[in-house]
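Just below is one structure, and these are the notes that go with it.
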Amino acid sequence: MGNVWIFIEQEGGKIADVSLELVCKGRELAARLGVKTEALLLGDKVESCVDTLYSYGCDTVYLVEDARLEPFTVLPYARAIVDLVREHKPNILLFGATLKGRELAPRVASEKLGGLTADCTDLRIDDFEDKKNNKSYTNKLMQIRPAFGGNIIATIVNTWDDPQMVTVREGVMKMDAPDPSRKGALVRVKPALTDAETVVKVIERVRADKEVDLKGAQIIVAGGYGVGSKENFKLIYQLAEALGGEVGASRAAVDAGWIDHDHQVGQTGVTVRPRLYIACGISGSIQHVAGMKESKKIIAINTDPGAPILSVAHYAIVGDLNTVIPQMIKAFKAK
Ligand code: FAD
C-alpha cells in the first residue's frame with residue numbers, strides 16, 4: 001500500500017501552519033494504515049524546512065528544488081507533483097484548502113490521478129461497504145465535510161484508484177508539539193519542467209496594507225449584523241485594541257459591506273481557535289459556529305436570550321452591545 005503524502009506550503013522558507021497540521025493528521029492516518037508519512041517540499045533553497053518536517057513526524061521528505069518553483073505558480077508545481085505521484089503511487093495526498101492548495105489540488109487531480117474532495121473538516125480511516133454496487137473496501141479514507149450550506153455533514157469515499165486526494169480547511173486539525181530529536185530520510189528530486197509549465201511570470205507582488213491574522217490570533221472580537229452599521233464597527237475595533245486582539249466578523253456583517261471578507265469567520269471564512277472569542281451581535285448560525293466553536297473561551301453579547309450563540313458560549317451577556325462594549329473597554333483600561 002502507498003504512503004500518506006502531504007503537500008507542504010511554504011513562503012520564503014516558512015512552513016504554513018496548515019501543512020504542519022496536516023503532517024500531524026497524516027501521521028495518525030499513516031499509523032492506522034501501517035505506512036509512512038511523507039512530505040512534498042517544493043521551492044528554491046528550502047532545505048532549511050526539512051528538520052522542522054521531521055520534528056513534526058515526517059518519515060520522508062521529497063525535496064524538489066528549482067529556481068523556477070519560486071515564487072509559487074501552479075503549472076510547474078502541478079507538473080512536479082504529478083510526476084512524483086505517478087512514480088511513487090501514494091495512497092493518500094493531502095493539501096491545505098488555502099489559495100495555493102485550492103488551485104493546485106484540482107490541477108493534480110485533473111491529470112486523471114484520482115478523485116478530489118475539497119474543503120474537508122475531518123478525516124479518518126474506515127472500511128466501506130458500497131451496498132448499491134455490492135462491493136466492500138477496507139481501509140478507505142473517510143473524507144468529512146459540511147454540505148448543503150452546512151446543514152449536513154457528508155462523509156465522502158473515493159472508490160477510484162489511489163491516490164485519495166483532499167484539501168483540508170486551515171485550523172481544523174490539531175497540531176501536536178514537535179520533537180526535534182525525530183529524524184527522517186531526505187529524497188532530492190530534480191523536476192522535469194518544460195517551457196510549457198513556466199509560461200507564467202510573476203512581475204510584482206503587492207502586500208495588503210495590513211494583513212489580518214485571524215488564524216494566529218489568541219484573542220478575537222467578532223462583530224455581526226447586530227452591530228448595526230459600518231460606523232458602529234468602531235466599537236468592535238476599540239474592544240479588540242483594548243484586549244490586544246484581532247477583529248472577526250460574521251458573513252452578514254461582511255455582506256452588508258461593513259468589513260472585508262478577510263475578517264469573516266465560519267464555513268466560508270476562516271476557522272479559528274483562539275484563547276478568547278467574543279461574539280458581539282452574532283446570532284450563532286451553524287455556518288458561523290463551525291468556524292469558532294473550538295475557541296477555548298467564548299463570550300457572547302446579544303440582546304436575545306434565545307440566540308443560538310448563547311448555547312455555544314461559556315459566558316453570555318444578554319444586553320445591548322452599544323452599552324456593554326464601552327463598559328468592558330472602560331473596565332479593561334482601568335486594570
Ligand atoms: P443575524 O443572524 O442577523 O444575527 C444578529 C444578532 O445580533 C441577533 O442574534 C440579534 O439578537 C443580535 N443583536 C441585534 N442587535 C443587537 C445589539 N444592539 N446588541 C447585541 N446583540 C444584538 N455566516 C458566517 O458568519 N460565516 C460563514 O462563513 C458563513 N458561511 C455561510 C455559507 C453558506 C453556504 C450559507 C448558506 C450561509 C453562510 N453564513 C455564514 C451565513 C449564516 O447562515 C448567517 O446568515 C450569518 O452567520 C448571520 O450573521 P449574524 O449572526 O451576524 O446575523
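Things to note:
- Debye log10 I(q)/I(0) for segment 30-156, one point scatterer per Cα, at q = 0.11 Å⁻¹: -0.47
- Distances between every pair of Cα atoms in the chain, grouped in 10 Å steps from 0 to the bin holding the largest one, split as 5, 24, 28, 23, 15, 5, 0 percent.
- Database remark: amide H of Gly96 closer than 5 angstrom to the amide H of Val168 (H placed geometrically; neighbours at sequence offset of 5 or more, or on other chains; Pro and chain starts carry no H).
- Between amide H atoms placed 1.01 Å from N, distances below 5 Å from Ala290 occur with Gln267, all of them 5 or more places distant or on a separate chain.
- Sequence of Val189, Val206, Val61, Val227 once ranked by neighbouring C-beta atoms within 10 Å, starting from the fewest: Val206, Val189, Val61, Val227
- Segment 217-332: C-alpha gyration tensor shape, a/c 1.5 cut-off, then a/b vs b/c: rounded
- Percentage of interatomic Cα-Cα distances in segment 190-279 larger than 23 Å: 35
- Extent of segment 140-263 along its three principal axes (Cα atoms, max minus min coordinate, largest first): 54, 42, 40 Å.
- Order of Val82, Val4, Val247 under a 10 Å beta carbon neighbour criterion, fewest first: Val82, Val247, Val4
- Put the Cα centre of segment 58-85 next to the Cα centre of segment 163-211 and the gap is 8 Å.
- DSSP bridge pairs, the chain: antiparallel proportion in percent, nearest 5: 25
- If only the Cβ of Lys and Arg carry +1 and only the Cβ of Asp and Glu carry -1, the dipole of the chain around its Cα centre is close to 580 debye.
- Karplus-based coupling profile of segment 270-275, in residue order and whole Hz: 9, 9, 10, 9, x, 5, with θ = phi - 60° in 6.51 cos²θ - 1.76 cosθ + 1.60 and x standing for Gly or Pro.
- Each Lys and Arg Cβ is given +1 and each Asp and Glu Cβ -1; about its Cα centre, segment 217-332 then shows a dipole of about 340 debye.
- Val200/Gln238 FRET efficiency (R0 41 Å; Cβ-Cβ; nearest 0.05): 0.40
- Note on Arg188 and Asp122: their simple-model spin labels are 4.4 nm apart, each label 7 Å out from Cα toward Cβ.
None of the figures in this text is laboratory data; all of them are computed from the coordinates on show. This structure is a prediction, so every number in the text was calculated from the model and none was measured. Backbone-built Cβ (ideal geometry, glycine too); neighbour counts: all protein chains shown.
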